[in-house]
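First comes the structure, then the notes that go with it.
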Amino acid sequence: MNVVPLKKWSGSAQIALSGGRQVNGALSGSFNADADPDSVLKFAGTNVDRGSSATFSFTTVQGVEELQTVRGRILGQRVQF
């Protein structure tokens, strides 16, 4: 993911699974420099991938956004990091 830290954003995304399958979805999120984590992105599956969803949280370390947590369900499988 390439993310530009603005206040709010939206767009589309693909999650590539290890088997080569891609899950299509929409992204929405927010950025708040005063919060921890400072960025939260929500993924919602679209079309045939509807029902898949995940939340990604990021924190800024030395000016670089680093992934902190991932939680959700992708194709019926629980994802937690």
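A short reminder: the numbers here are calculations on the coordinates, not readings from a lab. Keep in mind that what you see is a predicted model, and the values were worked out from it rather than measured. Note: ideal-geometry Cβ built from the backbone for every residue, glycine included; neighbour counts use all protein chains shown.
Put a plus charge on the Cβ of each Lys and Arg, a minus charge on the Cβ of each Asp and Glu, and nothing anywhere else: the dipole of the chain about its Cα centre is then about 440 debye.
Ranked for footprinting exposure by Cβ neighbours inside 10 Å, fewest first, VAL23, VAL48 give VAL48, VAL23. Here the 3J(HN,Hα) profile of the stretch 54-69, calculated from phi with Karplus coefficients 6.51, -1.76 and 1.60 at θ = phi - 60°, is 7, 10, 10, 10, 10, 10, 8, 10, 6, x, 10, 6, 10, 5, 9, 9 Hz, Gly and Pro shown as x. In terms of surrounding Cβ atoms within a 10 Å radius of their Cβ, LEU17, LEU41, LEU67 rank from fewest to most as LEU17, LEU67, LEU41. I need the shape label for the chain. Rule: rounded when a/c is under 1.5, else prolate if a/b > b/c, else oblate, with a, b, c from the alpha carbon gyration tensor. The shape class here is prolate.
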